[in-house]
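The values are calculated or read from the model by the stated rules, or taken from the named source; none is laboratory data. Note that the coordinates shown come from a computational prediction; the quantities given were computed from them, not determined experimentally. Ideal geometry is used to build each Cβ from the backbone, glycine not excepted, and the neighbour counts take in all protein chains shown. The protein model used for the area step is the full one, side chains on, heavy atoms only, and it has no ligands, DNA or RNA in it. Shrake-Rupley method; radii C 1.70, N 1.55, O 1.52, S 1.80 Å.
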Amino acid sequence: MSLDGACFHCGQAVPPDADYPVSVDGAPHGMCCRGCQAVAQAIVDNGLQAYYSHRTALPSTANELIPAELSRLALYDHPEIQKSFVIEEKDAAHLKQASLILEGITCAACIWLNERHLQQLPGVKNVQVNYGNHRARITWDEHEIQLSRILREIQLLGYNAHPYNALQQEATRRRAKSRDIRRIAVTGLSAGQVMMLAVALYAGAAFGIEHRTAQLLRYVSLILTLPVLFYTAVPFYVSAWRSLQSGRLNMDVPVTIAMMTAFAGSAWVTFRGAGVVYYDAITMFTLFLLSTRFLERNARERSVEATENLLRLVPAMALRIRAGRQEAVAVLDLAAGDLILVKPGEAVAADGEVTEGVSSVDEALLTGESRAVEKVAGTPVIAGSINMEGPLTVRVTGVGENTVLAGIVRLLDRAVAEKPRLAQLADRVAGYFTYILLALALLVGLAWWWADPARVLEIVLAVLVVTCPCALSIAAPAAFAAAGSHLLKQGILLTRGHALETLSRVTHVVFDKTGTLTYGKPLLSRVVALGEMDETECLRIAASLEQASEHPLAQSFRARIGNVALYAVSNAQNYPGKGVAGVVNGRRYTLGNRAMSPAAANPDGDVPDAGDGATLVWLCDERQVLARFALCDELRPEAFGLVTELKEQGFRISMLSGDSAAAVQHFAARLGIADYRWGMRPEDKLAALKALQAEGQVVAMVGDGVNDAPVLAGADVSIAMGGGTQVARASSDIVLLSEKLPDIWHALQTGRATMKVMKQNFAWAAGYNLLALPFAAMGFIPPWLAALGMSVSSLVVVLNALRLKQL
């Protein structure tokens, strides 16, 4: 049934007695085994046969799953196994997400096939595969499908999947880097020897050389070029072949054509015994190209490595305390609620809360904060931070994928997966340029064939090499990678691909007040009973209502009440931007601003002004106001400097807050903010932001709370404080891990600098190509100089981008 004797799916030879046909697009095709037959039939049945048209490399054979393999995959459904690499979605416990590494990915069609096939499975909610690192993030509903079924489907397609491991990924990266260095070393040795021989040939052509000597030098040069042509340059051929099969030409197509043409012409001259050879151009071109791509790839990966290195800070073992005894256990065996001992000099094994001990902890690699942070009972600690002084007893709150570190990696994955608009434009331009370059090379070759046939090979080779669009293709990625790496070291995490590009265009900065311009840790300064209950009872009811809230104000009530037992609350409800409500002892109470309860709008009796920017919170039942609480927050010391700097640089500033008029006016006056609004609900903030955007403003929103999430999502670019709520960080484009307000100005500066550098890169790459092309076409640039010029142009782009790391 096979037309060419090879398996239609994997390309392996079909045994003579094999009879495993599959009809693809109406035509029968033979398969080598039942595994390939099952995979091909599954692809056809799911309407994915376009895979066979778009793939640029063959997969491995699809082995049939034997019972032992099925049993191994079933182990991944065990909760104890999953806790090291699977997390539960916050809004639905039955939704789970796993980070997997896919083996066997050879081209973009492999990514397309895996994503399309898995997304058609019932229960699979989302699949994202990163082609750069072959990491897949899969979200599924465990009520509908098990992880083992997903892994089985991946294996039936001919690929292997296993849980992502930072150390394993680093080992893979080291092997790739070692392989690249070997290729560069081999090419460098060959190029050095060939160039010395080329000098002798050029000198001989000018001053005379015996024919036999010249012929010997040509043959030796040919032999020295073979390792370059058939070993170190192979990645260029593979990339060019894949692009030809996919119908989208990349820069490696003219590179391959130039190298093959130069070698074929030089070999012909060598065997003839007369003429000019270009072995020196081939080896130098390959050396320069490998070197510049090595530098560019390192710069691009550095931002990813900087975050993944954090995961390796977490130790493999921890000291767990049980029944007064210490036992060494694997970190993966820890569970929420366990007590662990962290000795001085050790890394914290899991996210948790200090229950005993006083020490300082180094969180520099996590937040960019160079000073150690004091830790006492009740303060949180982050996995991977270093205990500096005294021993700490920590109650575990998160392990594995449920730690802050793992969350940072997930956010960075999201940013890497989203390519900025200008980077996409650069890729399209480079693609078109490749077609134009090949057409120009053909026209130049025809012109020189008519004018001087002896120089056709030299001129066409120079044109192909000197105008290779390498610099154009890396102009944007190199700049974005360098800027992202620099910001991460400053404690500024980019979570969206467009963030830097949009930061450069920002004209209006909108701030939330609580937790952003202020510390968000208000203290309860006054309690005024206005009804039948005394202050103590009112405070106890308020603290009970706030016991499940994440709002910063809630912590003030819980801290003030101390160890007093709280009431049980039923029908608890949270109203973002207003307050909370619930039933205590059969009576419904509300706690919040005036908008929370009509009774608070016109309380009985005289209500003194809050003063000093205090926030007023009202406790009401269904009939009357029971108490008024005044909470005072503290302004961050760097807030005034930031607002002043932004105003001096021409940015418009607004403050949108759900707080009371007195509190907002007080802080706005201290900061010199003229545009401020108070008593705003989430929908009010979003409407205000949309109004600014309708005026043509490019808005950056800075916030940290639950009620900031809608406006963060609606802003052109959003910034969340690192200590804010999970929902705020998930909705933002940038997270300030350091929680330093001046970093907002630094991020804006970096965004503008990145766009400036990127435009410089584009101008250089385009200008170089436009300037070099006519000189190469007229025969003024020899091939070896064309190779040098092309490499220097790419190197200039990379080095210019690396300047961003020094901001």
Matching residues, region 661-686, being open to solvent by 40 Å² or more (accessible area, probe 1.4 Å) and either of a type in the set (S, T, N, Q) or closer than 15 Å to residue 578 by Cβ (or both)
665, 678, 679, 681, 683, 684
Quick check on region 460-502: of everything there that is more than 19 Å from residue 734 (Cβ to Cβ) and either assigned to a loop (DSSP other than H, G, I, E, B) or among the polar types (S, T, N, Q) (or both), which residue is most open to solvent (accessible area, probe 1.4 Å)?
473
Out of region 666-696, which residues are closer than 20 Å to residue 642 by Cα and in contact (Cβ under 8 Å) with a residue 24 or more places away in the chain?
666, 667, 670, 671, 672, 673
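Residues are listed down the side, and each one gets a yes or a no for (1) open to solvent by less than 10 Å² (accessible area, probe 1.4 Å); (2) over 41 Å from the mean Cα position of the chain (by Cα); (3) under 20 Å from residue 676 (Cβ atoms):
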site: 619; (1), (2), (3): yes, yes, no
site: 629; (1), (2), (3): yes, yes, no
site: 636; (1), (2), (3): no, no, yes
site: 642; (1), (2), (3): yes, no, yes
site: 653; (1), (2), (3): no, no, yes
site: 656; (1), (2), (3): yes, no, yes
site: 659; (1), (2), (3): no, no, yes
Within region 187-235, take every residue that is among the aromatic types (Phe, Trp, Tyr) and farther than 13 Å from residue 279 by Cβ and give me the one that is most open to solvent (accessible area, probe 1.4 Å).
207
Determine the pairs where a residue that is basic (Lys, Arg), located within region 727-746, has a partner that is at pLDDT 85 or above with Cβ atoms under 8 Å apart, the partner being 6 or more residues away or on another chain.
740/638
Could you list, in sequence order, all residues of region 749-782 that are over 16 Å from residue 437 (Cα atoms) and open to solvent by less than 60 Å² (accessible area, probe 1.4 Å)?
750, 751, 753, 754, 755, 757, 758, 761, 762, 779, 781, 782
Residue 668: passes all of (1) modelled with pLDDT of 90 or more; (2) assigned to a helix (DSSP H, G or I); (3) farther than 21 Å from residue 742 by Cβ but (3)
Only one of these conditions is not met by residue 274: (1) at pLDDT 80 or above; (2) not in a helix (DSSP H, G or I). Which number is it?
(1)
